[in-house]
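Visitor: There's a structure below that I have some questions on.
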Amino acid sequence: MPTFFLDDREVAFKEGQTILQAAMSGGHYIPHLCWRPELDPHSSCRLCTVIINGRPFSSCTQPALKGQRVECDTEALVAMRRAVTQMLFIEGNHHCPACEKSGRCKLQATAYLLGMQNSHFSHQFPVRTRDLSHPTVSLDRDRCIRCEICVRASRTLDGKDVFAIDGRGIGSGLAVNSPSGLLKDSEIAPEDAAVRLCPTGALMAKDQGFEVPIGDRLYDREPLSVVELREYKARKALHG
Ligand code: FES
């Protein structure tokens, strides 16, 4: 198999794999929030940025090339990822201690992984709406990081097209495709991939609070990188 270098680690890859896919297959974690193995890459969060020949690339979209030298865990890149994560925290309203997703939230776990100690930037405290109209699914836009995983998952995995991004830039937000614009009039169901794959507490199934106690949750006992690499390996074993 051809190989490339991820920092000083030699990584084998299959033709057509991206740098992120090859790294994950080889057991090397690159932080990411908008990428999911079951969805096409979106390249919006920029957390997976690596440097090739002095230029930044999203590793979730950049194809692996033979002999390529890829900088990944340099001090500057880790600092950049930490700053991006801090920006995600300050541009929304994330109250981790009071959030049911705490301990199984990828944004929170990414912050821990990157050694984020504080928000650094000034909080913007945007005014965002919640949609609690549906009997079994809640939407809290305060916690949305606009990764569009739900948009893509609803369309391609659930076959429903329940979500879209409305507006542009800082004013953009998650919209619900239903006649009233409310979840209650959409086809959403709590078992949908759109709900299951939401990395934060933006979309959650109702009536399932505190089934797993704080301290015993997915990322409470192991870091995100370990959990994700294990899940990726299991998925590859199942689907190839
Ligand atoms: Fe690559 Fe978000 S995971 S840009």
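Visitor: How many of the residues making up segment 65-89 are within 14 Å of the ligand (Cβ to nearest atom) and part of a loop (DSSP other than H, G, I, E, B)?
Guide: So the answer is 1.
Visitor: So, one more: Failed condition for Gly92, given (1) of a type outside the set (Val, Ile, Thr); (2) buried (at least 18 other Cβ atoms within 10 Å of the Cβ); (3) within 12 Å of the ligand (Cβ to nearest atom); (4) at pLDDT below 95, with all others met?
Guide: The one condition Gly92 does not meet is (3).
Visitor: Please tell me if Ile30 is within 25 Å of Arg143 (Cβ to Cβ), among the aliphatic types (A, V, I, L, M) and crowded, with 22+ Cβ neighbours inside 10 Å.
Guide: Yes: the conditions hold for Ile30.
Visitor: Here is a further query. Kindly indicate whether any position in segment 12-29 is part of a loop (DSSP other than H, G, I, E, B), of a type outside the set (S, T, N, Q) and either within 21 Å of Arg146 (Cα to Cα) or within 16 Å of the ligand (Cβ to nearest atom) (or both). Step through it out loud before you land on a result.
Guide: So in segment 12-29, the residues part of a loop (DSSP other than H, G, I, E, B) come out as 13-17, 26-29.
Checking which are of a type outside the set (S, T, N, Q) leaves us with 13-16, 26-29.
Pick out the ones that are also either within 21 Å of Arg146 (Cα to Cα) or within 16 Å of the ligand (Cβ to nearest atom) (or both) and you get 28-29.
Checked against the condition, which is being part of a loop (DSSP other than H, G, I, E, B), of a type outside the set (S, T, N, Q) and either within 21 Å of Arg146 (Cα to Cα) or within 16 Å of the ligand (Cβ to nearest atom) (or both), segment 12-29 yields at least one hit.
Visitor: Restricting the search to segment 154-174, which residues are among the aliphatic types (A, V, I, L, M) and more than 19 Å from Asp131 (Cα to Cα)?
Guide: Leu157, Ile170
Per-residue answers, yes or no, for (1) free of Cβ contacts under 8 Å to residues at least 60 places away in the same chain; (2) among the small types (Gly, Ala, Ser); (3) in a loop (DSSP other than H, G, I, E, B); (4) under 19 Å from Cys45 (Cα atoms):
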position	(1), (2), (3), (4)
Phe125	yes, no, yes, no
Ser133	yes, yes, yes, no
Ile145	no, no, yes, yes
Arg155	yes, no, no, no
Pro179	yes, no, yes, no
Ile188	yes, no, yes, no
Val212	no, no, yes, no
Ser225	no, yes, no, yes
Glu231	yes, no, no, no
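Visitor: While we're here: Taking the condition of being in a loop (DSSP other than H, G, I, E, B) and more than 9 Å from the ligand (Cβ to nearest atom), how many residues in segment 37-61 meet it?
Guide: Final tally of qualifying residues: 6.
Visitor: Would you check if Asp185 is over 19 Å from the mean Cα position of the chain (by Cα), surrounded by 14 or more Cβ atoms within 10 Å (Cβ to Cβ) and either of a type in the set (A, V, I, L, M) or over 23 Å from Pro126 (Cα atoms) (or both)?
Guide: Judged against the criteria, Asp185 is a match.
The values are calculated or read from the model by the stated rules, or taken from the named source; none is laboratory data. In this text the structure is predicted, and so the values were computed from the model without any measurement. Here the Cβ is made from the backbone with ideal geometry for all residues, glycine too, and neighbour counts use every protein chain on show.
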